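Each remark here refers to the structure printed beneath this line.
The values are calculated or read from the model by the stated rules, or taken from the named source; none is laboratory data. Source: prediction; values computed, not measured. Because the Cβ atoms are built from the backbone with ideal geometry, glycine has one as well, and the counts that use them run over all protein chains shown. Surface accessibility is based on the protein's heavy atoms, side chains included, excluding ligands, DNA and RNA. Shrake-Rupley method; radii C 1.70, N 1.55, O 1.52, S 1.80 Å.
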Amino acid sequence: MPVRLTASEALALRMTSLLLRPHPTIRPGAVADVVEWFGAMQAQDLASGLWSLGARLPALTQVDVQAALERREALRTWPMRGTVHLVPARDARWMLELTGVRSLAGAATRRAALGFDAVTADRAAEVLGTALAGGGRLTRAQCLATLNAAGIATDGQRGYHLLWYASVRGVTCLAPNIGTEQTFALLDEWAPEPHRFERDEALATLARRYVRSHGPVTAREFAGWTGLTLTDARRGFAAAGDALAAVEVDGEEMLVDAALLAAPRDPVDDLLALPGFDEYLLGYRDRSLMLDPAHRNAVIPGNNGVFQPTVVSGGRVEGTWKRAVGRGRVTITVRPLAALDRPRTERALARYAAFLGLPPAVVWPD
């Protein structure tokens, strides 16, 4: 029989899974620990991705996290749903082969709309691979210039599509920025000793990582996160075996890391300042445990896929915030969605400012 959980108990376990509360089986001390735990972390917005790591590694600053990425503790690429994620460097290739290729299904239609074909896309990947060989690292602008010099037009959205395509095909990956400029490197050189899994083993590995870092969750949530079919999601859950345990939340069966069943289920009273693009919200389709539907438009204005940074109190989104980095300080503007404890909110935001290495100036509405 599945263990029955109340909604508040499920939320407590979910916050623990997300490493936003102390976890009984892991004490991450490095970027590699956190990224491997999750398997993949949303990172289409680099600043948000850095703070997603910093929020779970309180001893590290942004400079420390950037240095870890330069050491290749993790890399960014497009492993799932056509979206940039941080992944363990040695896992990038099998993840691209398992889930990344599914985003290629609509590539032909997109190429036709942009006015080129598969032959051109493959040639662009080859050109970039040659230009980057031998430890090369090119900025986005340099990559586009290289393609243009080879007679491959990159105007409009063509350039972005070609850069994305080369990475999903496993030729390139995103290397750390140089200043504010995005850079690319060869995946084979950035991750020269990749893990290799058979398909069922890959499904099981990804399922275990998703459940342990997001649970309690359903197979449908796993399918939504990965872009896999529901059939493959269920297959991954089955292959994960005894590492996963069944629980029941509001009459629905879900799975959780078996090690968490003995974890404390005390009410969540933490107050956190999280980035907009964080697994806390983006790791799920059903966000009702964490987000009141009445607040949805404030967090995702216009439902356009751009998530605002959030103030999370007791596991629930109770406000949003925006930052403006200036000379000598970071100004943070808070927008409460419910009653917020100001001193605790400002302490949470001060931790973010300390991550940047700047003093905060917190602005509240009149």
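Computed values, structure above
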quantity: Positions within region 147-156 being open to solvent by less than 40 Å² (accessible area, probe 1.4 Å) and either aromatic (F, W, Y) or assigned to a helix (DSSP H, G or I) (or both), in sequence order; calculated: L147
quantity: Within region 237-271, tally of residues that are farther than 19 Å from L19 by Cβ, touching a residue at least 12 places away in the same chain (Cβ under 8 Å) and part of a helix (DSSP H, G or I); calculated: 5
quantity: Top-ranked residue in region 300-312 [being at pLDDT below 95 and buried (at least 17 other Cβ atoms within 10 Å of the Cβ); ranked as nearest to L356 (Cα to Cα)]; calculated: F307
quantity: Every pair of residues 6+ apart whose Cβ atoms lie under 7 Å, when the first sits in region 166-182 and is closer than 13 Å to R140 by Cα and open to solvent by 70 Å² or more (accessible area, probe 1.4 Å) while the second is assigned to a strand (DSSP E or B) and not hydrophobic (A, V, I, L, M, F, W, C); calculated: I178/T139; E181/T139
quantity: Residue count for region 31-46, restricted to those that are among the charged types (D, E, K, R) and either modelled with pLDDT under 95 or in contact with a strand residue (DSSP E or B) (Cβ under 7 Å, 6 or more places away or on another chain) (or both); calculated: 1
quantity: The lone exception for G54 - which of (1) surrounded by 21 or more Cβ atoms within 10 Å (Cβ to Cβ); (2) touching a residue at least 60 places away in the same chain (Cβ under 8 Å); (3) touching a strand residue (DSSP E or B) at 6+ places or on another chain (Cβ under 9 Å); (4) not aliphatic (A, V, I, L, M) it fails; calculated: (3)
quantity: Subset of region 197-236 [under 13 Å from E97 (Cβ atoms), touching a residue at least 60 places away in the same chain (Cβ under 8 Å), open to solvent by 20 Å² or more (accessible area, probe 1.4 Å) and part of a helix (DSSP H, G or I)]; calculated: R199
quantity: Given (1) among the aliphatic types (A, V, I, L, M); (2) free of Cβ contacts under 8 Å to residues at least 24 places away in the same chain; (3) in contact with a Lys or Arg (Cβ under 9 Å, 6 or more places away or on another chain), index of the condition I300 fails; calculated: (3)
quantity: R123 vs. criteria charged (D, E, K, R) and crowded, with 19+ Cβ neighbours inside 10 Å; calculated: no
quantity: Which listed residue, of V3, V63, V101, is open to solvent by 40 Å² or more (accessible area, probe 1.4 Å), among the aliphatic types (A, V, I, L, M), touching an Asp or Glu at 6+ places or on another chain (Cβ under 9 Å) and touching a residue at least 60 places away in the same chain (Cβ under 8 Å); calculated: V3
quantity: Region 183-196, residues that are open to solvent by 60 Å² or more (accessible area, probe 1.4 Å) and either part of a loop (DSSP other than H, G, I, E, B) or more than 20 Å from Y165 (Cβ to Cβ) (or both); calculated: P192, E193, H195, R196
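For every residue, the table says whether it meets (1) of a type in the set (S, T, N, Q); (2) touching a Gly at 6+ places or on another chain (Cβ under 7 Å).
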site	(1), (2)
H23	no, no
W37	no, no
S52	yes, no
Q66	yes, no
E70	no, no
R76	no, no
R81	no, yes
A92	no, no
R102	no, yes
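Conditions (1) under 28 Å from L228 (Cα atoms); (2) assigned to a loop (DSSP other than H, G, I, E, B); (3) not β-branched (V, I, T), marked per residue:
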position	(1), (2), (3)
D286	yes, yes, yes
L291	yes, yes, yes
N297	yes, no, yes
V312	no, no, no
T333	no, no, no
